[in-house]
Structure formats: C-alpha cells, structure tokens
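Participant: Below: one structure in structure tokens.
Coordinate-derived values only; no laboratory data. All values derive from a computational prediction rather than experimental measurement. Quick reminder, even Gly has a Cβ in these numbers, built from the backbone with ideal geometry, and neighbours come from all protein chains shown.
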Amino acid sequence: MLIVVGIVLILLALLGAPLFAVIGAAVLLNFWLEGTNLTVVPLEIYSLAEMPVLLAIPLFTFAGYLLAESGAPQRLVRITNVFFGWMPGGLAAVSLAICAMFTAFTGASGVTIVALGGLLYPALKQAGYPERYSLGLVTTSGSIGLLFAPSLPLILYGVVAQQLNVGRAVSISDLFLAGILPGVLIVVMLAVYGLWQRRGVVQARTPFSMREALGALRAAAWELPLPFVVLGGIYSGFFAVSEAAAVTAIYVFIVEVLIHREIRFTALPKLMRESMVLVGAILIVLGMSLASTNYLLDAEIPSRLLGYIRSHVHSALGFLLLLNLFLLALGMMLDIFSALVIMVPLILPIAVGYDINPVHLGIIFLANMEIAYLMPPMGMNLFIAMYRFDRPMLEIFRAVLPFVAILATAVLIITYWPGLSLALIRH
Amino acid sequence: MTPRHLPPAIARLINIITWTENVLLIFMLALMVLLAATQILLRNFAHTSIDGADDLLRLLVLWVAFLGAVAASREGKHIHVDAVARWLPGRAKPLVNALTDLFTVGVCAMLAWESVRYVLASHVSGEMAFGRLPVWVAAIILPMAFVLIGLRYLLRLYHHARQALGMEGLE
C-alpha cells in the first residue's frame, strides 16, 4: 500500500506536479501514519523565520535581478575585451571568469546565459573562435561559478546541512572558502581548452588602446568595487553572509537605479516580484523539506540507508563514485535547489558515515550539478541555450560535449582529492 | 495566468486579490532591503542597532517567501520536473496538467487546514514570536498563503480542464 502511494507521488512529480506539493503530501502522510499531530508540518515551515542566514537569499536574488536587468553585463564585457582581448585565448579565459562571477552573484544559471551569453557569443566569434566552441562556452557559462561565494546553492547547502546536526560543524563561510580552489580548477581547465582551440589562428587581434581602456574603466567604475567589497567582506570575516547580501542589494540598487538610471522606477515592481517568485519557489520547497527532514531523522532513515549501502559498498571511494553517477542522473531531472533540499538530508549522514567531510561533500554535490545542467539530453542549460541562441538541439549537444568531458575530469579530481576543497579552511 | 472565461465579478475579485498580493510583496521586500541596510550602517558606524530589527527581518523572509510562492503559483513557476510533460502531445498536456493541479489543490487544502490549527493553537497558548508580536500573527501568512496557492491551482485546474475538453484554446 505504502509503496503504491510512493510510486503515485513520484509519478505525479514526473508529470509536473509542483515539488512542494509532492513533498508536502509525503510528509503529511508519513506523520499521519505515525500518529503525530499534523500541526508539526506548519510548525516546521514556520522555522524558516528562525534562520538568520536565509535573509541572504532574497537580498542576493534581488541584487542579481537588478544586475542582470541593468547595463552591467555590457560594461563587464567591454572591460574584458579591452584588457584581455589582445592576449591569445584571453577573451575565452576572461569570459569564463566573468560568467563564473556573474553566476555566483545571480545564483541562477539561466540568468548568466541570457544576460551574458548573448553578448559574449558574437564577441567570441568575432575574435576568431570556432563557432562550435563559442556556442559550447556560452552554454557552459551558466554552470560555472556555483562554487564561488556568494552563490545561492552554496548557502542553501549550508542551511540544509546545519539542520542535520551530523556532529561536524558546516559553516557557510567554510563552504565559501572550500569552493575557491575547485572553482578555479574548473575555470582554468576550460580556459586552457580555449587556448588550445585558438592554436594556429593567426589573426589581427584587437590592439590594446589606452583610450578605450580608460573609457571602459570609467563606465564600470561603480560596479568594479562590488566583488571586492562583498567577497573581501565575507572572506575576511568582516561581514556575515546576510550582511554582505544587504550591502550588495542596497549598493546595486543605488548604482543601477539611482546613478546609472538604467532601471526605471516604474519597472521596479515587476522586477521585485519576479525575483521574489524565484525566492518563494525555492523557500517553499525548503520549508517542506525541513518538515520531511524532521521525519527522516525521527524514523532513522538515513542511518538505515547507511547500513544497507555499507553492506554493499565497502570503501569511501566506491561510495563517492556511485554518488557521482547518482547525482548526475538526479541533476538532469531536478533543478539544483530541489536536488539540494531533497537529497542532502539523505546523502550527508551516509557520507559522514564513510568519513567524508561535510564541506567536501557540498563541493562534490555542486560540482556534479554543474555537469548535470549541461548533460544531454535533458540538462536545463541546453534548453535555455536552445531558446536564447536559436540553434537546433543537436548542434548544442555537440558543442557542449567537450565541455562536459572537461568538467567530468574536474569533478573526478575534486571528488578524489579532498585536500583541494579543504586546504583553505583553517582549523 | 490571467482570468479568462470567468464571470466579470469573479474576474474583478481575482484582480483585486492579485493587486493586494503584489503590493504586499513589494512593500515587504522594500522594507527588508532598507531595514537590513540601515541595520548594517548603524552597527558599523554608530555602534548601535534598531531593537528587534533582526527578528523582524527574519520574519520578513518568511512573509516575502510565501508571498513570492503565491505569485509563483499564479504564473505556474513553482519548481517542477518538466522532463516528461514537455514532450506530451496536444490535448494530453492540459489533461495531465489538470491532474497535477487537482493534486496540488488537495495538498494545499490540507496544509491550509493544518496551518489554521497551528495558528489557533498558538493563539490559545499566547506565545510571543518576539517583542510584543504574538506567534499567531507572525504565522498567519501560512494559512493565508496555502489558501491563495490552492485557489490559484483551482483556477488553473478550471482552465486546464476546459482546454482538455476543447472548450478553450491551448496555451
């Protein structure tokens, strides 16, 4: 009977029922079977109001929407072109770095493809990069950067992990530090590939012009300090994450709305609403999953799963390999936020059972999701790129394949070399 | 989803509700940004802070999130898997949509009911969220939001069912 209900719920989820309703139904049913008072469900949801760090989510999202809507992407691309366009492979390398930074700030990978991809794609082709490479790069652009502060998935992983009390502290600032080297590894590997793509191309590169450089710098003068203030503030410990989010939101608002005046006051309500639609969609799933986590822990499901998996998989390495495959499949079906809130409560206790550091697990989880976004045939970024660049699906598949291969190599390195993630964390 | 094929009185009511939801959401987000920024300025430059502002900010997150979730229901933007539904042909799509809408309405009704019980219970216990703000006032967004989300999905169900029956054009 229970299995039938479970299958029906999974079927409904696959047919497109909102995930909050599917999780909500499962939680209500399980608590009801246990004979628990069902008001525990709203009580758990209400605990969303008791987590200070969640404040960062609406504030960073709002700032990200403002940035994407303003002329900031154009100014970033202009600066990149001036300073790095003349270097061999420079444009590709810096496009990657910019996309990573932009994704980290806006949190949603689709925004990067739409806002920056459209600008970088023609620029890359003009600079003599092969068509296929350029298309692959801008499609991939949406997934790199999840590992850099202050990306929402990193924050959300920290929030969910803290709920679990696995016996080891999982602080969000540790996660921010842990993401740096793996994130840099991914960007560097992709940049080297870009350099290799340009081999043998002899083409008059844009010469460096002092005047254009000064002009580009002046145009972006207000946006340039932002990453330094925010990242510097977070990494140095001067700001808490939610404070950095507040500074970002108000700063971006002042710069884009009051100084550059690229977003009209009349356009603000729509933009505010749209950004909060994303926040609402994420947090309602998180609210439901707080209740379901409570049930899972009560019923000792993670420890039973651990026992089962342990009897089949003996080494941590074996477990990690399985985890990689599982996350890849999962990431094609679910977006990153629901994958995080649904799977972390199950996976984290098992991983700790294999003596895997929770911070390292978070980095592995997100790195896998970066590939899953791109994985043919169902990765989300493929569809966004298909619409944005108006290219047939098969062409996009072909274009991203080398990128998927490089990312997969990077993920294997990240997975089996914990030191890369943990080196920067002071103990 | 804009109201179509509905009696004018209901359509007008829906417009009023939509407007109220939007105003409330935008006001609360604006308050959140300003309050959070003011708090940091005060803390770092004046070494003081507004009493209760941190508690209020945390509560605003809950309200903004649920008002955002209500807006997401309006636009069909809740997180869902569309790997299967994307490829459904013609009429099958609104039919499947109607099925998942019906399910969502049912779950929202139960969540709304349990939230009402939770709010009533905290009214009786007289528990305070912070300062002089009772929990039942702070938590009243939960039943409100689940009722509104449920109603939106009821409306979607109506349209999807009509589409499946061929009484309305496909989206």
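Participant: Counting only other chains, what is the mean number of Cβ atoms within 10 angstrom of the Cβ of each residue in peptide B:104-113?
Facilitator: Shielding by partners across B:104-113 averages 5.
Participant: What aspartates and glutamates could a cross-link reach from residue A:125, if we take a straight Cα to Cα line under 19 Å and drop same-chain neighbours fewer than 8 places away?
Facilitator: A:390, A:395
Participant: Starting from the alpha-carbon convex hull of the range A:355-422, give the projected area averaged over all orientations, in nm².
Facilitator: Mean projected area of the Cα convex hull: 4.9 nm².
Participant: At residue A:386 and residue B:87, where each label point lies 7 Å from the Cα along Cα→Cβ, what is the point-to-point distance in nanometres?
Facilitator: Using points 7 Å along Cα→Cβ, the separation is 1.0 nm.
Participant: Another one. Hey, rough spin-label estimate for residue A:299 and residue A:266, points 7 angstrom out along Cα→Cβ, what's it come to in nanometres?
Facilitator: So the label points at residue A:299 and residue A:266 sit 5.4 nm apart.
Participant: Follow-up question, since we're still on this one. Take peptide A:49-55, look around each residue's Cβ out to 10 angstrom, count Cβ atoms belonging to other protein chains, and average those counts.
Facilitator: Neighbouring Cβ atoms belonging to other protein chains average 6 per residue here.
Participant: Taking the alpha-carbon distance from residue B:93 and a cut-off under 21 Å, which lysines remain once sequence neighbours fewer than 8 residues away in the same chain are dropped?
Facilitator: Leaving aside lysines fewer than 8 places away in the same chain, those within reach of residue B:93 are B:77.
Participant: Given R₀ = 60 Å, what would the calculated FRET efficiency be for residue B:6 paired with residue B:127, taking r from the Cβ atoms and rounding to 0.05? Intermediate values should be presented prior to the final figure.
Facilitator: Working: r = 41 Å, r/R0 = 0.68.
In this case the efficiency is close to 0.90.
Participant: Then there's this: Taking just the C-alpha trace of the range A:313-427, give me its Rg and Dmax in Å.
Facilitator: 15.3, 50
Participant: Let me ask you something else. Label points 7 Å out from Cα along the Cβ direction at residue B:13 and residue A:235: separation in nm?
Facilitator: Distance between the two pseudo-spin positions: 5.7 nm.
Participant: The range B:8-164: percent of C-alpha pairs farther apart than 22 Å?
Facilitator: Working: 6737 of 12246 pairs.
In whole percent, the long-distance tail amounts to 55.
Participant: Dipole of chain A, Cα-centred, from +1 at each Lys and Arg C-beta and -1 at each Asp and Glu C-beta, to the nearest 20 debye?
Facilitator: Dipole of chain A, to the nearest 20 debye: 1280 debye.
Participant: Would you kindly derive the ³J(HN,Hα) couplings of the range A:76-83 from the backbone phi angles with the Karplus curve 6.51 cos²θ - 1.76 cosθ + 1.60 (θ = phi - 60°), listing them in order in whole Hz, with x for Gly and Pro?
Facilitator: Rounded to whole hertz, the list is 4, 5, 4, 4, 4, 4, 5, 7.
Participant: Which one, A:297, A:322, A:286, is farthest towards the positive end of the dipole of the range A:281-399 when Lys and Arg carry +1 and Asp and Glu -1 on their Cβ?
Facilitator: A:322
Participant: Let me ask another. If the label point is 7 Å along Cα→Cβ of residue B:168, which residues in the range B:1-44 have backbone nitrogen under 18 Å from it?
Facilitator: Under cut-off, by backbone N: B:1-18.
Participant: Report, as an integer, the average count of C-beta atoms from other chains found within 10 Å of each Cβ along A:265-273.
Facilitator: Mean shielding by partner chains, rounded to a whole number: 4.
Participant: Report the one residue of A:276, A:241, B:150 whose Cα lies farthest in the direction of the positive end of the charge dipole of the protein assembly as shown (charges on C-beta: Lys and Arg +1, Asp and Glu -1; origin at the Cα centre).
Facilitator: After comparing all options, I get A:276.
Participant: When A:258, A:14 are ordered from fewest to most other Cβ atoms inside 10 Å of their Cβ, what list results? Could you put the intermediate results ahead of the total?
Facilitator: On the way: A:258 10, A:14 17.
Lowest count first: A:258, A:14.
Participant: Let me check I have the definition right: for the range A:137-201, take the eigenvalues of the Cα gyration tensor, multiply each by 5, take square roots. What are those semi-axes in whole Å, largest first?
Facilitator: Over the Cα atoms of the range A:137-201, the semi-axes work out to 33, 11, 7 Å.
Participant: Now a separate question. Out of A:265, A:397, A:337, any idea which swings most in a Gaussian network model of chain A, alpha carbons joined below 10 Å?
Facilitator: A:265
Participant: Let me ask something additional. For the protein assembly as shown, what class follows from the C-alpha gyration tensor (a ≥ b ≥ c being the square roots of its eigenvalues): rounded when a/c is under 1.5, otherwise prolate if a/b is larger than b/c, else oblate?
Facilitator: Here the protein assembly as shown falls in the rounded category.
Participant: From a point 7 Å beyond the Cα of residue B:117 in the direction of its Cβ, which residues of the range A:31-50 have a backbone N at a distance under 13 Å?
Facilitator: Under cut-off, by backbone N: A:31-43.
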